[in-house]
Amino acid sequence: MALQLSYLREGYETFRELDVREVGLIEALRTLRMLHYAAWLARRWDDPAFPAAFPWFNTPQYWQQHLAELEQQRHLLEQPPLPLY
């Protein structure tokens, strides 16, 4: 992951200097995105287009996977941010 972060930083800094304090927000923002996406789908579930477009959303497998991913995120949030090289 550190190597991927270094590539991300290199590409990002093509346009703007990266404030290293923001690196600590990456996992928190990823978790927030995951929650917002599931909430967005849930709020629109009564729209007939949504069950047709997202048939996997209202399944036990989706929710088991979603909870497993949130558990992984919890572990990542407990770790210190990756160092930037």
Matching residues in region 54-76 - criterion: being loosely packed, with under 12 Cβ neighbours inside 10 Å and aliphatic (A, V, I, L, M): L67, A68
Selection from region 45-57 of residues that are farther than 22 Å from E69 by Cα and either assigned to a loop (DSSP other than H, G, I, E, B) or in contact with a Ser or Thr (Cβ under 7 Å, 6 or more places away or on another chain) (or both): D46, D47, P48
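Read-outs: derived from the displayed coordinates by stated rules, not from any lab. Every value quoted in this text rests on a predicted model; they were computed, and no experiment measured them. Heads up, the Cβs are rebuilt from the backbone with ideal geometry, glycines too, and the neighbour counts pull from every protein chain shown.
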